[in-house]
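What follows is a short report on a single structure.
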Amino acid sequence: MNRNLMSVARKALTKVHSPNSPATNNKLFVAGLSWSVDERSLKDAFCSFGDVTEVRILYDKDSGRSRGFGFVSFCKEDEAVSAKDAMDGKALLGRPLRISYALERARGGPVVLPRLPNGGR
DNA sequence: GTTGAGCGTT
């Protein structure tokens with residue numbers, strides 16, 4: 001009879017983490033940043049929560065200023081979650097931060113064309 | 001000297 005209670009108890013203790021909700025990665029999408037924030041300040045603000053392996057802020061090539069959002073990668077997801085849980089909703093340089101998990105994005109450039117087997121001849 | 005939702009190469 002204890003088996004049933006065990007099953008129920010174990011179920012209650014089991015983490016109800018949705019298997020189809022991988023809304024967690026070691027990459028964090030940080031938005032709401034001030035237009036004066038740079039990667040160094042962002043890393044310095046997040047490196048205290050874990051080991052930051054990558055920090056990327058998006059800039060505008062027309063105005064030369066930051067787009068107001070960037071990406072922060074951690075060595076472990078646990079650190080990223082802690083950082084998000086700790087810095088999400090907080091404020092940096094006078095502006096509130098909006099942190100979310102980054103989506104996978106191909107890197108390299110806006111477009112890449114493979115060389116044709118024709119050799120250009 | 002400005003503005004403020006977002007998911008990627010300035």
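Summary of values
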| item | result |
| --- | --- |
| 17 Å Cα-Cα reach of A:Lys84 towards aspartates and glutamates, excluding residues that sit fewer than 8 places from it in its own chain | A:Glu39, A:Asp44, A:Asp51, A:Glu54 |
| Long-range amide H partners of A:Ser100 with built H, under 5 Å | A:Phe29, A:Val30, A:Ala31 |
| Total formal charge among the other residues, if their Cβ is under 14 angstrom from that of A:Met87, Lys/Arg +1 and Asp/Glu -1 | +1 |
| Förster radius 25 Å - calculated FRET efficiency between A:Tyr59 and A:Tyr101 (Cβ-Cβ, nearest 0.05) | 0.70 |
| Sequence-distant residues sharing a close amide H with A:Ile57 (under 5 Å, placed H) | A:Phe71 |
| 11 Å beta-carbon shell around A:Lys43, net charge (K/R +1, D/E -1) | -3 |
| Residue-count net charge about A:Phe29 - beta-carbon cut-off 11 Å; Lys, Arg +1, Asp, Glu -1 | +4 |
| In sequence order, calculated HN-Hα J values of the range A:55-64 (Karplus, 6.51, -1.76, 1.60; Hz; x Gly/Pro) | 9, 9, 10, 8, 10, 9, 6, 8, 9, x |
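None of the figures in this text is laboratory data; all of them are computed from the coordinates on show. Values in this document were obtained by computation on a predicted structure and should not be read as measured data. Counting neighbours? That spans all protein chains shown, and the Cβs are built from the backbone with ideal geometry, glycine included.
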